[in-house]
Amino acid sequence: MLGQVGASTTQATVLDISGNGMRLRAPAKIPCGAGIKIDAKNALVLAEVNRCVRDGHSYVVAVTLLHSLSVFKDLEVLNRALFGEEYNCSKVQGARP
């Protein structure tokens, strides 16, 4: 959860995605109103929990998407905005030229 010192992480399964939300299956309860970060394979998503319901031995968590960053395209756009049009991958520490 965002904004908490020592915040924990957990694995979750995506059940459903819509234009502005997601449903996840998580092994633990996540409080309503909590801000969460979802690290997906090629994206980073910030979301807010608006429902968390027990379903057997897990929880179905509904979240509202607040912001998403597609690792490749959006990161390049952000870097160009921060560093100017002359930005290229060789300026990123550890990047291959």
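The values are calculated or read from the model by the stated rules, or taken from the named source; none is laboratory data. In this text, all values refer to a predicted model and were calculated from it rather than measured experimentally. Backbone-built Cβ (ideal geometry, glycine too); neighbour counts: all protein chains shown.
Key figures for this structure:
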item	result
Every residue from segment 26-43 that is among the hydrophobic types (A, V, I, L, M, F, W, C), at pLDDT below 95 and over 14 Å from Thr13 (Cβ atoms)	Ala34, Ile36, Ala43
Neighbours by Cβ (under 9 Å, 6+ apart or cross-chain): first from segment 57-73, under 8 Å from Ala43 (Cα atoms); second among the small types (Gly, Ala, Ser) and at pLDDT 90 or above	Ser68/Ala47
Residues (of a type in the set (A, V, I, L, M) and modelled with pLDDT under 90) located in segment 1-16	Met1, Leu2, Val5, Ala7
Of all residues making up segment 50-82, the number that are at pLDDT below 95 and either in contact with a His (Cβ under 8 Å, 6 or more places away or on another chain) or not small (Gly, Ala, Ser) (or both)	15
